[in-house]
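Any read-out appearing in this document is the output of simple, stated calculations on the displayed coordinates, not a laboratory observation. Here the structure is a predicted model, which means the values were calculated and not measured. Here the Cβ positions follow ideal geometry from the backbone for every residue, glycine too, while neighbour counts run over all protein chains shown.
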Amino acid sequence: MERLRLAVKKDGALQFLSHLDFARAVRYVIIRARLPIAYSEGFNPHMKLSFASALGVGVTADEEYLDMELRERLPVKDVVEQMNAQSPDGFVVLGGKYVDARAPKLMAMANYAVYRLTGPVQAGYGDDALQKALQAFNDASDVMYEKVSPKDARKVRLINVKHHVVEPLSGKTDGETLTLRVGILQTDEGAIKPQQVWEVLGKQFGIPLDADMMLARRIGIYHRRGRKNQSLFETI
């Protein structure tokens, strides 16, 4: 078996698919491209295909990574061309690399994601005010977020946002639209969602944004070791 790692782009209408539907769409691309994909054994065989992470509905990505096992080694260039020839609008294979079968799984490696968040901000809110608010967040040692269980409102878990947003936030506003760059680290405690960071900035740092009007685009996903972000094409 040959383990091939691909970087792909998820854009356009595909952002409205759930992760399961997106994975199904990728499987159809592989079938139409007639790639020699390997299948598991048993009564319900499935493609040996795995993803770095699950993108939420409405989130686009400049880069997503997936691993597939092939029964035979094909030139990466051929795989990329065959898949792109059969891909729907919004899905593009950017490149690939064969990795050792013993390399860590993508989900174990992908622990740091960088997002670009955009949304409306109250008219007249200036960039100077935004920079002061972001500086206040960056300087804070602790920023707590109350996560309420969707099944039981009595169950509340406190998350320290600063355990996950480990690099300074940056952003800008033109007085109508707010744009932020947010990096989120996944730890043993889990992670925080981009939407929750957006909410915290509005409720606790006085940025007059609309908590329900935010678009997220993941512009990078990495393996973070210490303070270094490592490409997922680099195996540990």
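Using the charge dipole of the stretch 148-190 (Lys, Arg: +1 at Cβ; Asp, Glu: -1 at Cβ; taken about the Cα centre), state which of Pro168, Ile184, Val148 has its Cα farthest towards the positive end.
Comparing the listed Cα positions along the dipole, Val148 ranks first.
Rounded, prolate or oblate: which fits the stretch 38-80 when a ≥ b ≥ c are the square roots of the eigenvalues of the alpha-carbon gyration tensor, with rounded for a/c under 1.5 and prolate only if a/b beats b/c? Show your work: numbers first, answer last.
Details: a/c = 3.71, a/b = 1.29, b/c = 2.87.
Because a/c hits 1.5 or more and a/b fails to exceed b/c, the stretch 38-80 counts as oblate.
With springs connecting C-alpha atoms under 10 Å apart, model the chain as a Gaussian network and identify which of Glu63, Glu189, Glu81 has the largest mean-square fluctuation.
Residue with maximal mean-square fluctuation among Glu63, Glu189, Glu81: Glu189.
Taking the structure as given and computing Rg/Rh (Cα atoms, Kirkwood Rh), which label from [x] 0.94; [y] 1.04; [z] 1.02 fits?
Identified label for the calculated read-out: [z].
With each label point set 7 Å from Cα along the Cα-Cβ vector, what nm distance links Phe233 and Val156?
Modelled inter-label distance: 4.7 nm.
Using 0.36 nm times the number of residues separating Ile31 and Asp11, minus their current alpha carbon distance, what extension gain do you get?
Values: separation 20, 0.36 × 20 = 7.20 nm, distance 2.09 nm.
Full-extension gain reported as 5.1 nm.
Treating the angle as unsigned and between 0 and 90°, give the value, to the nearest 10°, between the Cα long axis of helix 76-85 and the longest Cα principal axis of the chain.
70
Rounding to the nearest 20 debye, state how big the charge dipole of the chain is about its Cα centre with +1 on each Lys and Arg Cβ and -1 on each Asp and Glu Cβ. Walk me through the intermediate numbers first.
Working: 33 positive and 29 negative charges, 134 e Å.
So the magnitude is around 640 debye.
Give the calculated FRET efficiency between Leu215 and Asp142 to the nearest 0.05, with a Förster radius of 35 Å applied to their Cβ-Cβ distance. Please list the in-between numbers first.
On the way: r = 28 Å, r/R0 = 0.80.
Efficiency, from the Cβ-Cβ distance: 0.80.
Considering the dipole of the stretch 1-128 built from charges on the beta carbon (Lys and Arg +1, Asp and Glu -1) around the Cα centre, which of Leu117, Gly42, Val80 is farthest to its positive end?
Of the listed residues, the answer is Gly42.
List the trypsin sites (Lys or Arg not before Pro) in the stretch 110-205 that DSSP assigns to loop (not H, G, I, E or B) and whose Cβ has at most 15 other Cβ atoms within 10 Å. Which are they?
Numbers: sites: Arg116, Lys132, Lys147, Lys151, Arg154, Lys155, Arg157, Lys162, Lys172, Arg181, Lys203; in loops: Lys151, Arg154, Lys155.
For trypsin sites (Lys or Arg not before Pro) across the stretch 110-205 that sit outside H, G, I, E and B with at most 15 neighbouring Cβ atoms in 10 Å, the list reads Lys151, Arg154, Lys155.
For the stretch 1-109, compute Rh as the Kirkwood radius over C-alpha pairs and then the Stokes-Einstein diffusion coefficient at 4 °C and 1.567 mPa s; write the answer in µm²/s, rounded to an integer. Write down the numbers at each step before the final one.
Working: Rh = 14.1 Å.
So the translational diffusion coefficient is about 92 µm²/s.
Suppose we look only past 23 Å in the calculated P(r) of the stretch 141-236. What percent of the Cα-Cα pairs does that tail hold?
Tail fraction, whole percent: 33.
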